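The values are calculated or read from the model by the stated rules, or taken from the named source; none is laboratory data. Keep in mind that this is a model prediction, so the values were computed, not measured. Because the Cβ atoms are built from the backbone with ideal geometry, glycine has one as well, and the counts that use them run over all protein chains shown.
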Protein chains: 2
Amino acid sequence: MSKFLIDRFSNLEPYVPGEQPKEKKYIKLNTNEAPYPPSPNVVDAIDKVVVAGLNLYCDPDTTKLTKIIADFYDVDFNEVFIGNGSDEVLALIMMAFVDEKTKVCFPDITYGFYRVFSKSFDLDAKEVPLKDDFTIDINDYINCGRNIIIANPNAPTGLVLTHEEIEKILISNQDRVVVIDEAYVDFGSKSCIELLDKHPNLIVVQTFSKSRNLAGARIGFAIASKEIIEDLNKMKFSITPYNINTMSQIAGVESVKDNDYFEKCNNKVIATRERTKKELRKLGFRVTDSKTNFIFVTHDSISGKEYYSELRKHGILTRHFNDKRINEYVRISIGTDEEMDKVIEVTKKILYEAVNYNFVVGK
Amino acid sequence: MSKFLIDRFSNLEPYVPGEQPKEKKYIKLNTNEAPYPPSPNVVDAIDKVVVAGLNLYCDPDTTKLTKIIADFYDVDFNEVFIGNGSDEVLALIMMAFVDEKTKVCFPDITYGFYRVFSKSFDLDAKEVPLKDDFTIDINDYINCGRNIIIANPNAPTGLVLTHEEIEKILISNQDRVVVIDEAYVDFGSKSCIELLDKHPNLIVVQTFSKSRNLAGARIGFAIASKEIIEDLNKMKFSITPYNINTMSQIAGVESVKDNDYFEKCNNKVIATRERTKKELRKLGFRVTDSKTNFIFVTHDSISGKEYYSELRKHGILTRHFNDKRINEYVRISIGTDEEMDKVIEVTKKILYEAVNYNFVVGK
């Protein structure tokens, strides 16, 4: 820390991104990336002409990308805001709408970014415990008097709130924004975008990083009332006016255009997920009912930490969290069928060894 | 504005980016872009393999790009911070180091982003008037008790402070950071990076948007003490952990590698600039001694606004600012030799018509 850092940021606590190993080839199931490349149309569109034109600025209004997203979700152009990944969208939302008066809350177990941002920016953030079964008790959010952020499906649990439940939260908190982070919505749950007409305090956030196979291009977006979007745009133009580079704008547009590919990839991920759930349950795992591109699993015969470590030794990278309530669990992103076959195969071996081991030491 | 926006941002005032016209082909000399494409190595490197790999996250530590910048400027890896354009770098610097106690100041005529950010974030920002000849009076900054931001060369004047002058400012403000924004340094002035060893309160900011022909890729960076860089990294990891997308990281690396191309392009811009200055002076313009990739010009026989409008009518886009002190001036980015020949030719025509017109109405 330098002596120049202002007092407000003395608690700066950076988010720790999922490991991006450089030394060894792993089956990489630790950051919920898509196992398939972006649409071939994206690959074709970013050609030598595009790259040779990078001496010119990108469109600061991200006109084409905004328009195609608006059309896709059947909302107006001025109801869409695009950020450098949904992290930037979420950060700008928290900057714009949270202060000591309006505050914020979110589940205690959820996407780690909300907590990191809140701590770093010294926000009054209440972490609301999930129930023991990892579901959200919506009563905790009724009339809560704070801005609310809920990942739906939630991460890393994969569990979903119904629209009826979300509407109760929206109606009882009309003076605060309710952010529904739908990073994983395309893997089998229903977007709240259709609720926007009824609820001017709703902000839906989505990303191109998961279901659109573009984590490396950094595109996230918010859909909300035009007044909220106007606020976010003003924030953006004060911080990073040209926030989406030329290549990513094109990648985004082409990705939305190729809806067949989008649906095909996501359907494959869903099928692979359901099959993997079934196989792991057969092996004695408890597996949450994830509607995302990852599963969240635990087993009585091996600790979360050990299962994570053993998978890693066998060349499979997953994610283990140290939070006490979930440290018996491992989060496994859904890869290709071949990759998940490998997970099952290795898991059988690990369990066999673990049970043997436990037996020997008399457990 | 939505009713949810917090009080702090009630004065949100967005930066107005230079016009990016879509309707008509202009000679585009309004946003100080390079007139030449990025290095051919950049064009070759962003190939189908790279784009097909965008389903994976980019490196959040921007390792390769950070390393090559550090090597190029002969500083340590942990003395370099990379942002999504230098705007993001500057925004994070102002967030991290400016509060009601430490404050900030910058010239009244300079890069508009400093003012916009300060107003939007309600910072205590003092705008220090340039002298009548548009130079900076360093006495205004000696012992000023505020953080300081100086573009060097300054924009839109193009004028340069010497290292001796900058060191006086650094020495007299050791409890505050002094940000030297060197967006245009590669067009004929000397970087302050060599002063870093002596001055732990110095932050040098540069960009790939001008001299590296990559405005559309969004890469800016800061070089400073490792403590300051650590602060900026923590800020980044709290807001946009993956701030530089995969393609731009590669573009940046390849651009730094191709030093011959970098020097060749910048030398061409410098030669074209000097020739254009000379030609315009012959036509009666006053032209500041710009060390950048733009010139700042005024003429007694035609107002700044009229000259700008006439150039525009003739298909040449430049930049005119409404600030009273500089509204008789026009800023013209340096294009190719052919483009600048066209500027001279059109200017002769405009002047001829303007002088005729003024003569008729008896001026």
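Restricting the range B:1-35 to residues that are among the small types (Gly, Ala, Ser) and within 30 Å of B:ASN267 (Cβ to Cβ), which is farthest from the other protein chains (Cβ to nearest Cβ)?
B:GLY18
Take B:ASP337 and tell me if it is of a type in the set (Asp, Glu) and either closer than 22 Å to B:SER211 by Cβ or surrounded by 13 or more Cβ atoms within 10 Å (Cβ to Cβ) (or both).
Yes: the conditions hold for B:ASP337.
Kindly evaluate B:THR31 against the criterion of being of a type in the set (Val, Ile, Thr), more than 16 Å from B:LYS210 (Cβ to Cβ) and either buried (at least 20 other Cβ atoms within 10 Å of the Cβ) or in contact with a Phe, Trp or Tyr (Cβ under 7 Å, 6 or more places away or on another chain) (or both).
no
If you go through the range B:78-102 one residue at a time, how many are touching a residue at least 60 places away in the same chain (Cβ under 8 Å) and over 21 Å from A:PHE237 (Cα atoms)?
So the count comes out to 5.
What about B:LYS67, is it free of Cβ contacts under 8 Å to residues at least 24 places away in the same chain and more than 9 Å from chain A (Cβ to nearest Cβ)?
So B:LYS67 fits the description; yes.
Report, by residue number, each residue of the range B:44-100 that is assigned to a loop (DSSP other than H, G, I, E, B) and of a type in the set (Val, Ile, Thr).
B:ILE46, B:THR62, B:VAL75, B:VAL98
Please go through (1) outside the structural domain of B:THR318 (by TED's automatic domain parsing); (2) assigned to a helix (DSSP H, G or I); (3) over 19 Å from the mean Cα position of the chain (by Cα); (4) at pLDDT 95 or above for B:SER238 and return the number of the only condition it doesn't satisfy.
All conditions are met except number (4).
Across the range B:241-286, what is the number of residues that are part of a helix (DSSP H, G or I), over 25 Å from B:GLY216 (Cβ atoms) and charged (D, E, K, R)?
7
A:ASN245 is checked against (1) within 24 Å of A:PRO17 (Cβ to Cβ); (2) out of contact with any Lys or Arg (no Cβ under 6 Å at 6 or more places or on another chain); (3) within 11 Å of another protein chain (Cβ to nearest Cβ) and fails just one. What number does that condition carry?
Every listed condition holds for A:ASN245 apart from (2).
Quick check: is even one residue across the range A:340-354 aromatic (Phe, Trp, Tyr), surrounded by fewer than 20 Cβ atoms within 10 Å (Cβ to Cβ), assigned by TED's automatic domain parsing to the domain that holds A:GLY18 and not in a strand (DSSP E or B)?
The answer is yes; a qualifying residue exists.
Test of understanding: among A:GLU306, A:GLU328, which residue is touching a residue at least 24 places away in the same chain (Cβ under 8 Å), touching a Lys or Arg at 6+ places or on another chain (Cβ under 9 Å) and not assigned by TED's automatic domain parsing to the domain that holds A:ASP132?
A:GLU328
If you scan the range B:36-59, which residues turn out to be more than 7 Å from chain A (Cβ to nearest Cβ) and either of a type outside the set (D, E, K, R) or touching a helix residue (DSSP H, G or I) at 6+ places or on another chain (Cβ under 7 Å) (or both)?
B:SER39, B:PRO40, B:ASN41, B:ALA45, B:VAL49, B:VAL50 - these are the residues of the range B:36-59 that are more than 7 Å from chain A (Cβ to nearest Cβ) and either of a type outside the set (D, E, K, R) or touching a helix residue (DSSP H, G or I) at 6+ places or on another chain (Cβ under 7 Å) (or both).
Do we have any residue at all in the range B:178-193 that's within 14 Å of another protein chain (Cβ to nearest Cβ) and over 20 Å from the mean Cα position of the chain (by Cα)?
no
Do you know which of the residues in the range A:213-248 that are charged (D, E, K, R) and farther than 17 Å from A:LYS67 by Cα is surrounded by the most Cβ atoms within 10 Å (Cβ to Cβ)?
Only one residue tops the list, namely A:ARG218.
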